[in-house]
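The values are calculated or read from the model by the stated rules, or taken from the named source; none is laboratory data. What you see is a predicted model, and the numbers here were worked out from it, not measured in a lab. Cβ sites come from the backbone with ideal geometry, for glycine too, and all protein chains shown count toward neighbours.
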Amino acid sequence: MSSIGLSHMLNRDRAMPDRMTSVGRLEEVVSTAEDFDRVVSQSLPLLLDRAAGYTKRFLRETGQWSDDVAHEKFVLRWGAEYLEQFLVSGRSEVPCRPLFLLDSMVARQHSRPEPFCYHKDLLTPLGRFLDGLVGRAAVSRDALIALYHHCYGLGPGQVITALRLNGSESPRIYKNFQRWRDAGWKRTLEDIGLTEADLKGLTEQQQHQRHRFNGEAERLLRFAQSHYRKSEPEHYPCLSRHQWEDMFLQGYGVEYRVWHLALCLDCLQTAWDLGLDGASAIEKPRMVLQLLP
Amino acid sequence: MDIEREFAGYREHLLNAIRTGPRRSGCGASDPIHVFVNQRRVGLLESAGAEASLQVQSQTSIDSVQLRSEDGVLLGGLSAPEYGFRSCRIALTRAAIELRVHNTPQGGSVNAVFQPVPGFWHRARRAWSGVTDGTTAPRPLTVAGSGGRVLAFTQVLLAVTLVGLVTDRLTGWMTPASPPLSVTQTEAPWAAPLAEVTKLEQQLIELSRMQAKVVETIQTQQQGMAQIQRTMAKVSSTQETVASSVLTVKQEMEQRRKGAGRDADRMTRVLMSKALSEQEQLEAEIHSLVIANERLARERAQLEQHNQELNKRLKTAGADVSKAVVPDIEKPVMAQQGAPSTPPQVAEAKTVPQQPPFLFWVTFSEGASQDSIDQWVRDMHGRKGALSEGWQAVEIVPPAEPMERFLDRLKQTQIVKAVRVSR
């Protein structure tokens with residue numbers, strides 16, 4: 001057992017009586033949304049451990065578990081994700097027994113074909129960085145636009161050119177970039193548990209083996225993109241060169257371009273090859289990882 | 001140890017993030033809100049300060065609806081029921097979002113309505129513009145709206161009065177003190193009306209009392225309105241539930257009706273086909289029975305005819321046998337007389353088990369006369385039977401020699417053409 005697991009168990013033993021009381025309260029029926037909020041907010045650590053515990057069990061039973069910090073952080077991150085969804089959606093399920101509702105919600109998540117993006121290589125600092133970034137992009141427009149910068153080094157103006165966006169969309173892109181630089185990047189790194197030491201290590205790696213580092217980053221990016229692209233609307237599949245050209249020339253599908261091209265390197269390169277609006281004047285996008293916003 | 005601390009710090013960060021909830025978002029009220037259905041992004045609620053709505057139809061059942069800000073913070077959500085309606089109101093900082101989910105066996109639908117909450121000054125401005133601007137288009141007057149207008153009007157009136165009063169007082173203070181002069185009202189209009197000021201003060205007090213009353217009334221009205229809205233919401237949700245139940249029941253009834261009709265048709269068809277096949281079987285059986293019956297009747301007639309023939313033959317054979325046997329019986333009787341004494345009963349017993357006559361059929365050669373035939377029969381110690389198709393039946397005492405030899409001997413006879421022992 002890892003040192004984290006052991007100390008966690010010891011802490012858990014010390015707090016056992018409190019936990020038993022909390023569990024007792026959570027097993028009782030709550031009738032109103034206010035009661036739900038009150039009971040749940042008093043037991044957040046317990047609920048987080050429970051959700052993380054289920055995720056750990058899932059990884060163990062599917063033969064994907066390994067006793068290390070990266071795995072511990074992974075299950076904690078997904079436990080927090082489930083708990084956040086539980087807090088928001090659970091209010092609409094009253095009257096209910098909160099503990100069992102959380103269990104059922106986590107079980108429902110784990111019953112899906114791919115409940116989360118898991119790959120052993122994505123648990124390295126580089127993998128965690130890319131997974132966290134692309135995973136965030138699936139739910140955040142700021143992170144999505146920031147992908148163009150982190151993966152291909154494009155600035156807001158270049159993004160607007162590359163996506164052939166019109167005037168009304170441009171301020172929004174600048175706003176997305178600004179918010180990401182202000183708070184989004186830092187929060188995302190904290191949420192995925194990437195420390196300053198990890199970041200420093202990545203920077204050193206990039207400086208010493210730039211070509212190899214970017215090659216590895218592209219490999220991992222493609223893996224993460226193929227997983228998180230499923231969170232796009234169902235009607236956003238990859239398009240042929242002719243279809244992209246038609247879309248750009250006709251001027252429709254702004255959201256399609258923004259979402260799909262950020263999450264698909266191949267389509268981005270295809271669209272870039274069209275050379276519309278002077279996009280070809282800029283070097284064709286290729287993976288050059290930018291660690292800072 | 002460092003790892004443990006790092007891990008504990010990470011856990012604490014996640015817990016804090018959960019505790020902070022939607023407040024973590026750095027987005028403003030004017031920023032769009034992303035709507036996710038079953039964890040897939042389906043659209044945007046772009047408000048720009050006005051009411052906005054988004055409707056999503058799905059062919060699959062809706063499991064969850066989530067609202068996220070541009071920076072990805074989860075603002076609210078709803079867990080959809082397996083079937084039927086569910087709605088909730090998610091209050092944000094400067095707005096509220098009404099979410100409504102409806103799941104049916106055919107799929108689901110989501111309706112999200114963004115409702116900005118207007119600020120106090122916005123409301124007052126609107127109310128004021130409603131009072132002063134007579135040219136504005138008439139709008140449906142609500143209780144809350146009229147209350148707001150009265151409140152704004154009172155406030156404006158109070159403010160004007162206060163400004164007048166303060167100006168009046170300030171003017172009095174700033175003016176250098178001067179000895180009382182006998183002046184006329186037209187010369188110094190501000191100096192004389194102290195009584196008027198007192199009167200104005202009283203009016204002001206009355207006005208503030210009135211305002212307090214108005215505020216109370218408005219508050220009461222607002223409470224009443226809130227109650228009415230709650231009741232309305234309850235009534236509408238109940239109505240929706242009832243409507244959905246009625247719809248479900250109707251659909252079920254239709255399905256059942258259709259199902260029952262289909263079942264009855266199928267059953268009738270099955271029964272009909274079964275009955276038809278049974279009828280066909282019966283007809284076939286009847287037909288075969290009729291045929292069998294006819295055949296039996298024919299066979300019976302043939303048998304009867306044959307029986308009659310046999311009877312006739314038997315009668316004739318009996319007569320012939322009796323004729324032929326009588327001399328033979330006499331002989332042993334006569335011999336008995338010379339034989340050693342045996343009891344007569346035993347002698348009778350020996351004569352009784354006579355062998356049956358041997359019947360065979362012959363055809364005679366052409367040209368054989370009837371006399372020669374009769375002579376041959378007599379030589380054989382036999383008698384003629386029926387004549388059928390050229391075959392003459394002949395009955396004789398069973399020959400002692402073997403059958404084959406007997407038949408060969410017969411065939412060697414000149415007048416016999418062919419012999420057979422069976423018909």
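Out of (1) at the interface with another protein chain (Cβ under 7 Å from one of its Cβ atoms); (2) hydrophobic (A, V, I, L, M, F, W, C); (3) without any contact (Cβ under 8 Å) to a residue 12 or more places away in the chain, the odd one out for B:ALA8 is which? So the condition that B:ALA8 fails would be (1). Answer yes or no as to whether A:PRO95 is surrounded by fewer than 20 Cβ atoms within 10 Å (Cβ to Cβ) and in the same structural domain as A:LYS186 (by TED's automatic domain parsing). No; evaluated as a whole, the condition is false for this residue. Of the candidates B:ILE33, B:ILE18, the single residue that is within 11 Å of chain A (Cβ to nearest Cβ), hydrophobic (A, V, I, L, M, F, W, C) and closer than 26 Å to A:TYR256 by Cβ is B:ILE33.
Of A:ASP142, A:ASP121, all but one fail to be of a type in the set (Asp, Glu) and surrounded by fewer than 18 Cβ atoms within 10 Å (Cβ to Cβ); the exception is A:ASP121. For the range B:80-94, the set of residues classified as surrounded by fewer than 23 Cβ atoms within 10 Å (Cβ to Cβ) and either at the interface with chain A (Cβ under 8 Å from one of its Cβ atoms) or not in a strand (DSSP E or B) (or both) consists of B:PRO81, B:GLU82, B:TYR83, B:ARG86, B:CYS88, B:LEU92, B:THR93, B:ARG94, listed by residue number. The sole residue among A:GLN158, A:GLN109, A:GLN178 that is under 21 Å from B:LEU67 (Cβ atoms) and not acidic (Asp, Glu) is A:GLN109.
Right, A:ALA162: under 30 Å from B:ILE3 (Cα atoms), among the small types (Gly, Ala, Ser), touching a Leu at 6+ places or on another chain (Cβ under 8 Å) and touching a residue at least 12 places away in the same chain (Cβ under 8 Å) or not?
Numbers: under 30 Å from B:ILE3 (Cα atoms): no; among the small types (Gly, Ala, Ser): yes; touching a Leu at 6+ places or on another chain (Cβ under 8 Å): yes; touching a residue at least 12 places away in the same chain (Cβ under 8 Å): yes.
For A:ALA162, the condition - under 30 Å from B:ILE3 (Cα atoms), among the small types (Gly, Ala, Ser), touching a Leu at 6+ places or on another chain (Cβ under 8 Å) and touching a residue at least 12 places away in the same chain (Cβ under 8 Å) - is not met.
For the structure I just gave you, tell me whether A:LEU76 is within 11 Å of chain B (Cβ to nearest Cβ), part of a helix (DSSP H, G or I) and over 28 Å from B:LEU99 (Cα atoms). Yes, satisfied.
The set of residues in the range A:140-158 being within 12 Å of chain B (Cβ to nearest Cβ) and outside any helix (DSSP H, G or I) consists of A:SER140 alone.
From the list A:PRO115, A:PRO125, exactly one residue is touching a residue at least 24 places away in the same chain (Cβ under 8 Å) and not assigned by TED's automatic domain parsing to the domain that holds A:ARG187. Which is it? Spell out the reasoning first.
Details: A:PRO125 fails: not assigned by TED's automatic domain parsing to the domain that holds A:ARG187.
None of the others qualify; the one that does is A:PRO115.
Out of A:HIS242, A:HIS260, A:HIS235, one residue alone is modelled with pLDDT of 90 or more and either farther than 30 Å from A:PRO113 by Cα or not in a helix (DSSP H, G or I) (or both). It is A:HIS242.
What number of residues within the range A:106-123 are part of a helix (DSSP H, G or I) and basic (Lys, Arg)?
So the count comes out to 2.
So which of B:SER422, B:SER388 ends up being of a type outside the set (A, V, I, L, M, F, W, C) and either surrounded by 10 or more Cβ atoms within 10 Å (Cβ to Cβ) or at pLDDT 85 or above (or both)? Answer to the check: B:SER388.
Results for (1) in contact (Cβ under 8 Å) with a residue 40 or more places away in the chain; (2) in contact with a strand residue (DSSP E or B) (Cβ under 9 Å, 6 or more places away or on another chain); (3) within 11 Å of another protein chain (Cβ to nearest Cβ), shown as yes or no for each residue.
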| position | (1), (2), (3) |
| --- | --- |
| A:GLU61 | no, no, no |
| A:VAL69 | yes, no, yes |
| A:SER89 | no, yes, yes |
| A:CYS96 | yes, yes, yes |
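Please specify each residue of the range A:181-205 satisfying the condition of being hydrophobic (A, V, I, L, M, F, W, C), away from chain B (no Cβ under 13 Å) and surrounded by fewer than 19 Cβ atoms within 10 Å (Cβ to Cβ). I'd like the intermediate steps shown before the answer.
Going through the range A:181-205, the residues hydrophobic (A, V, I, L, M, F, W, C) turn out to be A:183, A:185, A:189, A:192, A:194, A:197, A:199, A:202.
Right, trim to away from chain B (no Cβ under 13 Å) and you get A:199, A:202.
Matches in the range A:181-205: A:LEU199 only.
Surrounded by 13 or more Cβ atoms within 10 Å (Cβ to Cβ) and under 28 Å from A:GLU93 (Cα atoms), is that true of A:GLY24?
Details: surrounded by 13 or more Cβ atoms within 10 Å (Cβ to Cβ): no; under 28 Å from A:GLU93 (Cα atoms): yes.
No, not satisfied.
Just the residues that are away from chain A (no Cβ under 11 Å) and under 39 Å from the mean Cα position of the chain (by Cα), please, taken from the range B:46-57.
From the range B:46-57, those away from chain A (no Cβ under 11 Å) are B:47-55, B:57; that's our starting set.
Passing the criteria: B:SER53, B:LEU54, B:GLN55, B:GLN57.
Results for (1) within 18 Å of the chain's Cα centre (by Cα); (2) under 23 Å from A:PRO285 (Cβ atoms); (3) away from every other protein chain (no Cβ under 14 Å); (4) at pLDDT 95 or above, shown as yes or no for each residue.
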{"position": "A:GLU114", "(1), (2), (3), (4)": "yes, no, no, no"}
{"position": "A:ASP131", "(1), (2), (3), (4)": "yes, yes, yes, yes"}
{"position": "A:ALA138", "(1), (2), (3), (4)": "yes, yes, no, no"}
{"position": "A:THR161", "(1), (2), (3), (4)": "no, yes, yes, no"}
{"position": "A:ASN166", "(1), (2), (3), (4)": "no, yes, yes, no"}
{"position": "A:ARG172", "(1), (2), (3), (4)": "no, yes, no, no"}
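Residues in the range B:58-79 that are more than 7 Å from chain A (Cβ to nearest Cβ) and outside any strand (DSSP E or B) were compared, and the one that is surrounded by the fewest Cβ atoms within 10 Å (Cβ to Cβ) is B:GLN59. Note on the range A:41-59: among residues that are more than 10 Å from chain B (Cβ to nearest Cβ), within 19 Å of A:SER104 (Cβ to Cβ) and surrounded by 15 or more Cβ atoms within 10 Å (Cβ to Cβ), the one that is farthest from the chain's Cα centre (by Cα) is A:SER43.
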